[in-house]
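Just below is one structure, and these are the notes that go with it.
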Amino acid sequence: MAKIVLLEKIHASAAELLKAEGFTDIVQLPTALKADDLKNALADADAVGIRSATHITAEALKGLPHLKAIGCFCIGTNQVDLTAATAHGVPVFNAPFSNTRSVAELVIAQAILLLRRIPEKNARAHRGKWEKSAVGANEVRNKTLGIIGYGNIGAQVGILAESVGMRVHYYDVESKLPLGNARPEPSLEALLEKCDIVTLHVPGGKSTENLITADRLAVMKPSAVLINASRGGVVDIDALNTALREKRLAGAALDVFPVEPRNDKEEFVSPLRGLDNVILTPHIGGSTEEAQENIGREVAQKLARFLKAGTTRWAVNFPEIPYLEKETKSRVLHVHRNEPGVIARMNADFAQAGLNIVAQHLQTRGPIGYVITDVDDGISADLLQKLRSEPATIRCELI
Ligand code: NAI
């Protein structure tokens, strides 16, 4: 049975799931490891689970020929050299969806707090001011929520918003099936001008940088509020600062910023600090105990499926083959350079060994191909050796 090493205090849900899947050789270590310590800890590991502090470099992978899969128990995968992992035939998994609900709940909470003018009232109460007034305080029921980016998080926000009575509109660059009673808008401007609450759920990067400009803020109603829990670069922060100070916008909630401190020792610097009608949170939209628990399960499940069946669905760097139950005696997982003739030669090897292929699934992605072959007989050591020594082979495993 495969050995799995889990580093960096990964949530207990991961080991629980792996045990339930029948894995007994699980080593759990509390910290990140580097260089020789990492090499020693993973020398005979089939799979490793890391969070963001363990770096798996090309150099580290070279020294770990036994390692077959990497699970990043977080969203990002920058800590792994993905190109090197692909070149070594090692799929890398992460948990892109486990904190969707946490972000969506925060957005709904922020919408309610902003429309009730709670940030200002809270700040003034802390300063000894008893501002008992209904002026400008509204329920969210029957208000129009505009979602920009109707993906995993945006769509979930829409569902929760409808359950508290909001009317949901969305704008997405792709055509998206509306959930519940949500209505698509033909343009960003059409959405901005009609909404009481606008919330951003687009990806980061060049295509969405400064998506919300001064001109677009000017289209919004002065009574409207803006929420950004996507990526900091999506909003022109100086333009937002001006709009808020000139009262051309009623409030904002920001969880992400163009420049964020790298750790809790660095000061958080933002022109929005000190504005009573702005909720500022330190990029914690997805940070909940439940999300950590879900991440533990989601990535452990992906590792278990790979180790038991060769499934690479949702791998970030690898050709994806969905879950196919292993119903035959042997299954061969073969990773190879993506070039002509590899499968023909491989199948000739199977035929020469007198083996009938029951099922075969191939996917390619960039430089590599990945094929799962099921046969109803045992695979001899000779055949395995032959498949491994084929010049295009990167990795060949038998399960
Ligand atoms: P997703 O990929 O499921 O959805 C993004 C949607 O935005 C897609 O439907 C896409 O078509 C759409 N889109 C792309 N460019 C657009 C544009 N210019 N205008 C309108 N729509 C556009 O992503 P998911 O998982 O919903 O995440 C959304 C954002 O939330 C990401 O930026 C992610 O990094 C961020 N996030 C923030 C967290 C936090 O702690 N605050 C936690 C988790 C995710």
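With the condition kept exactly as written, say whether any residue in region 89-99 is over 22 Å from K176 (Cβ atoms) and without any contact (Cβ under 8 Å) to a residue 12 or more places away in the chain. Looking through region 89-99, none of the residues is over 22 Å from K176 (Cβ atoms) and without any contact (Cβ under 8 Å) to a residue 12 or more places away in the chain.
Output the number of the condition that A125 fails; it satisfies all remaining conditions of (1) surrounded by fewer than 23 Cβ atoms within 10 Å (Cβ to Cβ); (2) in contact (Cβ under 8 Å) with a residue 24 or more places away in the chain. Every condition holds for A125 apart from (2).
Of the listed requirements (1) under 22 Å from K19 (Cβ atoms); (2) open to solvent by 20 Å² or more (accessible area, probe 1.4 Å), A309 misses just one: (2). When every residue of region 295-305 is checked against the conditions, none turns out to be surrounded by fewer than 20 Cβ atoms within 10 Å (Cβ to Cβ) and in a loop (DSSP other than H, G, I, E, B).
Sub-6 Å Cβ pairs linking a first residue in region 217-239 that is under 19 Å from G205 (Cβ atoms) to a second residue that is open to solvent by 50 Å² or more (accessible area, probe 1.4 Å), at least 6 apart or interchain, are G232/P258; G233/E209; G233/P258; D236/N210; I237/P258, ordered by first then second residue.
Among the residues making up region 381-399, a single one is open to solvent by 60 Å² or more (accessible area, probe 1.4 Å) and assigned to a loop (DSSP other than H, G, I, E, B): P391.
Just one of the numbered conditions (1) away from the ligand (no atom under 12 Å from the Cβ); (2) among the β-branched types (V, I, T); (3) surrounded by fewer than 22 Cβ atoms within 10 Å (Cβ to Cβ) is not true of V168: (3).
Here are I368, I343: which of them is of a type outside the set (D, E), within 14 Å of P91 (Cβ to Cβ) and either outside the structural domain of V299 (by TED's automatic domain parsing) or without any contact (Cβ under 8 Å) to a residue 60 or more places away in the chain (or both)?
I368
For T364, the criteria (1) crowded, with 16+ Cβ neighbours inside 10 Å; (2) outside any loop (DSSP other than H, G, I, E, B) hold in every case but one, which is (1). For region 39-55, state whether one or more residues are over 18 Å from the mean Cα position of the chain (by Cα), over 24 Å from I321 (Cβ atoms) and open to solvent by less than 30 Å² (accessible area, probe 1.4 Å). Taking every residue of region 39-55 in turn, at least one turns out to be over 18 Å from the mean Cα position of the chain (by Cα), over 24 Å from I321 (Cβ atoms) and open to solvent by less than 30 Å² (accessible area, probe 1.4 Å).
The values are calculated or read from the model by the stated rules, or taken from the named source; none is laboratory data. The model shown is predicted, which means the values in this text are computed figures rather than measured ones. Counting neighbours? That spans all protein chains shown, and the Cβs are built from the backbone with ideal geometry, glycine included. Side chains included, ligands, DNA and RNA excluded: accessible areas come from the protein's heavy atoms. Shrake-Rupley method; radii C 1.70, N 1.55, O 1.52, S 1.80 Å.
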